[in-house]
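This report refers to the structure that appears directly beneath it.
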Amino acid sequence: MFHVVLCKLLSSVEGADWVMVVGTDGVLLEAIGNQSSSTSEAVAAEYAIFYRACMRVAAETSGGDIQNIVMHTDRGKVLLQTLTPDYFLLLSLTPDGNSGVARYEIGRARAHLEQELVF
């Protein structure tokens with residue numbers, strides 16, 4: 001099910017490079033797009049460390065639970081969306097990718113992904 005939802009998400013967002021579902025422990029559940037599997041696993045692990053650090057900062061500053069994070073770099077954008085307390089979604093966009101459309105499509109995909117992640 002992840003594969004179908006992520007493929008649809010990737011094709012719905014112009015400028016999307018790759019998308020993945022990652023556990024907060026850094027385990028990659030599914031990845032679709034322009035990356036090798038070893039690169040995807042490394043990216044998942046690094047973003048999990050980043051996500052946990054952001055969660056700690058939010059907790060220590062009474063900032064609440066993280067819903068999403070958008071990172072803009074000189075090479076593009078990465079959108080991180082919390083799916084459940086244990087999983088999050090990453091979507092990479094080219095510099096000209098539309099973050100607004102991406103956030104909308106992530107919201108649509110989120111409901112399907114959450115159902116698969118809740119046991």
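The numbers here are math on the coordinates, done by the rules we state, and not lab data. These numbers come from a predicted model, not from an experiment. Glycine gets a Cβ as well: all are built from the backbone with ideal geometry, and neighbour counts include every protein chain shown.
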Local net charge near L28, Cβ-Cβ under 12 Å (Lys/Arg +1, Asp/Glu -1): -4
Proximal charge balance of W18 [Cβ under 15 Å; K/R count +1, D/E count -1]: -3
Kyte-Doolittle mean at least -1.0 and Cα axial length at least 18 Å: DSSP H helices in the chain: 37-60, 99-117
Unit Cα scatterers, Debye sum, the chain: log10 I(q)/I(0) for q = 0.13 Å⁻¹: -0.46
Fewest-first ranking of M20, M71, M55, using other Cβ atoms within 10 Å as the exposure measure: M71, M55, M20
Of V57, V70, V43, the one that fluctuates the most in a GNM where the chain has Cα springs shorter than 10 Å: V57
Backbone HN-Hα couplings from phi across region 87-96 [Karplus 6.51/-1.76/1.60, Hz, Gly and Pro as x]: 9, 9, 10, 10, 9, 9, 10, 5, x, 8
Extension gain from V57 to A111, taking 0.36 nm per residue of separation minus the Cα-Cα distance: 16.8 nm
About the Cα centre, charge dipole magnitude for region 2-117 (Lys/Arg +1, Asp/Glu -1 at Cβ), debye: 200
Calculated from backbone phi, Karplus (6.51, -1.76, 1.60) coupling profile of region 30-36 in Hz, x at Gly/Pro: 7, 9, 10, x, 8, 8, 6
Local electrostatic count at A48 - Lys and Arg +1, Asp and Glu -1, tallied over other residues with Cβ under 15 Å: -3
Relative contact order (%) - the chain, alpha-carbon pairs under 8 angstrom, separation at least six: 29
Length added when fully stretched, S38-H72, from 0.36 nm per residue minus Cα-Cα: 9.9 nm
Cβ-based exposure ranking for R108, R103, in which fewest neighbours within 10 Å come first: R108, R103
